[in-house]
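Okay, structure first, notes after.
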Amino acid sequence: MSRLFIVPTPIGNLEDITLRAIRILKEADIILAEDTRTSSKLLKHYGIDTKMQAFHQFNEHKSLQPVVDRILSGSKTALISDAGTPGISDPGFILIRECIKNNIDIECLPGATAFVPALINSGLSVDRFTFEGFLPHKKGRKTRLEMLAGINHTLVFYESPHRLVKTLEQFTEYFGIERQASVSRELTKIYEETVRGTLPELIEYYRTKIIKGEIVIIIGPKK
């Protein structure tokens, strides 16, 4: 039976992978990897010698049909990203959609996703939340923030280190100075950090810091 396996990989700590994920990666005929150099470290750590092929946002349209044809021919194919679950702010959606069109079974394994531990660590309400991922850098950013300002529940964003302070300043402008928030970075790694407070307090904390690592920002609901 033709099947694509979606396999989450650790977001930092290499121990954060399931036994099932390791088995699937070992049994696969080929692993589609966002960056083969990054993924090779994980595969080497677990003694996985399955062949890899680069599959990322810059080549996924060109590689799409050959990959689908290979799966249809019976190849057991696993898709991974550099970290976390493919399709969550990472390549994967286009391939998954095409596999569905071709009646290819898709099996998505549970596993690491950066925003989940950040959301729980925030201490903010998780009864209802909206995952926004990365906001547009320019076109559409203002419109998106205006729309989000009217939402009353918790909001989840991804951001790069060099844009963190500017983004927090924009959040203050659109969401208000009393809005509670948290910033998590380097999740599951040695220097993991979660800082909580109002948006102005977070700006003050990070303004003079050298910021590294992947960033998850949680904005609490309106009071």
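Read-outs throughout are calculated quantities, based only on the coordinates presented, and are distinct from any laboratory measurement. Being a predicted model, the structure only gives us computed values, none of them experimental. Heads up, the Cβs are rebuilt from the backbone with ideal geometry, glycines too, and the neighbour counts pull from every protein chain shown.
Structural remarks
- Net dipole in debye of region 111-221 [+1 Lys, Arg Cβ; -1 Asp, Glu Cβ; about Cα centre; nearest 20]: 400
- Taking label positions 7 Å along the Cα-Cβ direction at both Arg144 and Gln53, the computed distance is 3.1 nm, reported to one decimal.
- Within straight-line reach of Lys222, meaning a Cα separation under 20 Å, sit the following lysines at least 8 residues removed in sequence or on another chain: Lys142.
- Only Lys, Arg (+1) and Asp, Glu (-1) charged, at Cβ; the chain dipole about Cα centre in debye: 340
- Residue separation of Phe131 and Arg37 scaled by 0.36 nm, minus their Cα-Cα distance, works out to 30.9 nm of gained length.
- About the Cα centre, charge dipole magnitude for region 3-108 (Lys/Arg +1, Asp/Glu -1 at Cβ), debye: 220
- Cα centroid separation, region 41-62 to region 72-89 (Å): 9
- Between the listed residues Leu4, Met147, Ala83, the Cα displaced farthest toward the positive end of the dipole of the chain, a dipole computed from Cβ unit charges relative to the Cα centre, is found at Met147.
- Mean Cβ neighbour count within 10 Å, used as a protection proxy, ranking 137-144, 196-203 highest first: 196-203, 137-144
- If you run the Gaussian network model on the chain, springs between alpha carbon atoms under 10 Å, then out of Ile30, Ile151, Ile88 the most flexible one is Ile151.
- Taking the centroid of alpha carbons for each part, region 143-169 and region 196-223 are 11 Å apart.
- Against the chain, whose longest principal axis comes from its Cα atoms, helix 60-72 is set at around 40 degrees.
- When the C-alpha to C-alpha distance is required to be over 24 Å, the pairs from Lys138/Lys166; Lys139/Lys166; Lys76/Lys101; Lys41/Lys166; Lys139/Lys209; Lys41/Lys209 that qualify are Lys41/Lys166; Lys139/Lys209; Lys41/Lys209.
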